[in-house]
Amino acid sequence: MTTARLIALDQILFVLVAAAWAATAGVALAGVRQPAAAGRRTRLIAAALCAAAIVMTALRVAVTLGLARAGWWFVAEKVTLALPLVVLPALVSAAVSLPRLLRVPSSGSGAPLPSSRLVAFPLLLTAYGAVAGVVCGVVVSYPVTGGGAAAVLALFAAASVVSWRLLGPVRAPGHRWQAAGTCVLALATALAVGGGWSGDHSHSDHDAGTQGISVDLLRGPAASAAGGPAGARSRVRRFTLTAQPATVRLASGAVGAWSFNGQVPGPVLRVRQGDLVEVVLRNRLPVVGGTAQAVTVHWHGYDVPSGEDGVPGVTQNAVAPGQIHVYRFRAEDAGTYWYHSHQNSSVAVPRGLFGLLVVDPAAPLPESEDHILALHTFGTRPTLSVDGAAPTDGLARLALPPGARTRLRVVNTDTRPVVLGLSGAPYRIAAVDGGDVPGATDLNGSRLHLAAGGRYDLTFTVPAGPVLLTAGDRPALLVNGPATPPAAAGPIVDITRYGAATAPPARFDQEVTWVLDKTLAMADGLPRLAQTVNGKAWPNIPTPVVRQGQTVRIRVVNRGTDTHPMHPHGHHVRILSRNGVPATGLPMDTFDVAPGEVWEVALVADNPGMWMSHCHDLAHAAQGMEFHLAYEGVTTPYVMGGGNHPA
Ligand SMILES: [Cu+2]
């Protein structure tokens, strides 16, 4: 069974185990309070429930053992906390309670009723332990923190002490008050300890060194620097992006959108390697309900200087309506990229504040046909835009000359992954996330998994017949119809194993582990169910601090049930392995870590700055899964909050 299935099974089982032990304890309690003969049936039912609960508990232990094979990150809190709390009392229940429930006094024998304490207390203890396990699953992640564990243990201990007293034969006056007092005390302890654990000391990510260089100084070259390192080829390319409302007209109806320059996607910025790109961002979005819709532009996958990265509160202030901001960077890296607002991005990007960026290599590509496709979902309507034209939720079409070498640059601007299929011609993945794939091989009918924010350049020679591109279940683009070839239905290519293998870095200067989960954590000053990294949500996730020139091995473990497209800004990471299987080493800027997966990637710290790292399921980022990656000595004058909301 896969790790993802074991994670899902475990989540179902720990609720079932808790329910089974709670039912057993409840029925047993009723059984021992009834007269010997009359309660016989109830006690036998309790015994049957107890047997079922024991079997389910054993199953949970087996599932945990299975999960442990995927790594300690998946089971740490189960092995150290949740399972001992249920397994140990379950053993006592099996040894003490179960035989007494089955010992049925013959009628009229005058045999005494089993002691309610002896029968019910172990069962109640087990039920509390099982419920504590459920609580543990919600409040404790990896790593297990003393505070989280103490909170769970305090609640368990309080319930146990109260039950022991209530089940006792002596009912002194004030007995119930004592019990209630114990409960309140334990609850207060749990809250105090838990508060200390989750309150986190909202450390300022912003000072990665008391003195240093401000991110504001890490900007692109001034416009006068055209003709710089790239020599004679260099020129300045100037663009203006104006954020403004727009209407997207689809076959299924019109959609109100936010746009750059009145079009969604925004204009395709197509430049040549070596160009100096200057983009003036203007904001003409309306003020809605007293709220100014501020914007920025982040260059997704393009590793610009940190001060040009477009993250409000980190590299600039969000641009309010009526304001402008100028971005400048030299287009050194050829490839397929995109840009989008990073202000309230979980709202702004789905609404249309994005566009495409292509950097053509200095030497011409072999393909004579070169088209860029943006996959974007408006509400529930998936669409495709070809070469920046208005998107369609129907079938887009392209007419291409047979025999032409063709490049389709596919950009997933959605917050969810998409499965692509290309049928009608053998094809190659010529580039991933902007970078060329060495040793790309022909694929025939295979499908591709494209992460949210990710890009594939697909190349093929136009055949005599039609070619079909599918996105999910949907035919998205037909080349040279009208006949439609059957959709690709082959296996999904393991992108981490595609292309020619390159040697991994010889050594690592630093190791970082990001364990992704969904647990109760402090976010925006309140405890909430958050998308967490190492048990914490933004802004409490510790900032990895690197030094320029270091090579960092990052291990990303997904122990939750959601897929997380992880996106470190300013860097492409090289994929080293997935689930322990060595990868070919492709550089990527957005990699999809599915539930139960463990990815190892290498990041070379070659772009000093204060960077954002986050899940590109932008709703997950808004729910806490974002943090900084800082270079030693780099500071920022900008602050989060106020008008700055990156997620
Ligand atoms: Cu995510």
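The values are calculated or read from the model by the stated rules, or taken from the named source; none is laboratory data. It should be emphasised that the depicted structure is a prediction, and the values quoted were computed from it without experimental measurement. We place every Cβ from the backbone using ideal geometry, glycine too, and count neighbours over all the protein chains shown. Each accessible area value is taken on the protein alone, full model and side chains, heavy atoms only, with ligands, DNA and RNA left out. Shrake-Rupley method; radii C 1.70, N 1.55, O 1.52, S 1.80 Å.
Across region 602-612, the qualifying residues are those that are outside any loop (DSSP other than H, G, I, E, B) and within 15 Å of Gly310 (Cβ to Cβ), and the one among them that is nearest to the ligand (Cβ to nearest atom) is Met612. Within region 475-525, the set of residues being surrounded by fewer than 14 Cβ atoms within 10 Å (Cβ to Cβ), in a loop (DSSP other than H, G, I, E, B) and among the β-branched types (Val, Ile, Thr) comprises just one member, Thr502. Evaluating Ala647 against the criteria (1) within 14 Å of the ligand (Cβ to nearest atom); (2) outside any strand (DSSP E or B); (3) within 25 Å of Trp73 (Cα to Cα); (4) touching a strand residue (DSSP E or B) at 6+ places or on another chain (Cβ under 7 Å) leaves one unmet condition, (3).
Residue pairs whose Cβ atoms lie under 6 Å apart, sitting 6 or more positions apart in sequence or on different chains, and linking a residue in region 437-452 that is closer than 13 Å to Tyr498 by Cα and open to solvent by 20 Å² or more (accessible area, probe 1.4 Å) to a partner that is among the polar types (S, T, N, Q) and modelled with pLDDT under 95, do not occur here.
For region 247-278, which residues satisfy the criterion of being of a type in the set (Val, Ile, Thr), assigned to a strand (DSSP E or B) and surrounded by 22 or more Cβ atoms within 10 Å (Cβ to Cβ)?
Val248, Val277
Go through region 532-542 and give me each residue that's closer than 8 Å to Phe627 by Cβ, open to solvent by less than 30 Å² (accessible area, probe 1.4 Å) and not in a strand (DSSP E or B). The one that is closer than 8 Å to Phe627 by Cβ, open to solvent by less than 30 Å² (accessible area, probe 1.4 Å) and not in a strand (DSSP E or B): Ile541.
For region 371-408, name all the residues that are in contact (Cβ under 8 Å) with a residue 40 or more places away in the chain, in a loop (DSSP other than H, G, I, E, B) and open to solvent by 20 Å² or more (accessible area, probe 1.4 Å). The answer is Gly379, Asp387, Ala390, Asp393, Gly394, Leu395, Ala399, Pro401, Pro402, Gly403. Name the residues in region 470-521 that are away from the ligand (no atom under 16 Å from the Cβ) and in contact with a helix residue (DSSP H, G or I) (Cβ under 8 Å, 6 or more places away or on another chain), would you? Once the filter is applied, which keeps residues that are away from the ligand (no atom under 16 Å from the Cβ) and in contact with a helix residue (DSSP H, G or I) (Cβ under 8 Å, 6 or more places away or on another chain), region 470-521 yields Thr513, Leu520.
Scanning region 552-593 for residues that are within 11 Å of the ligand (Cβ to nearest atom), not in a strand (DSSP E or B) and not polar (S, T, N, Q) yields Gly560, Asp562. Restricting region 329-358 to residues that are more than 23 Å from Ser259 (Cβ to Cβ) and in a strand (DSSP E or B), which is least open to solvent (accessible area, probe 1.4 Å)? Per the stated criteria, the residue is Gly335.
When restricted to residues that are away from the ligand (no atom under 15 Å from the Cβ), at positive phi and open to solvent by less than 20 Å² (accessible area, probe 1.4 Å), region 613-643 contains 1. Considering (1) among the β-branched types (Val, Ile, Thr); (2) more than 16 Å from the ligand (Cβ to nearest atom); (3) touching a Phe, Trp or Tyr at 6+ places or on another chain (Cβ under 9 Å), the lone condition that Val533 does not fulfil carries the number (2).
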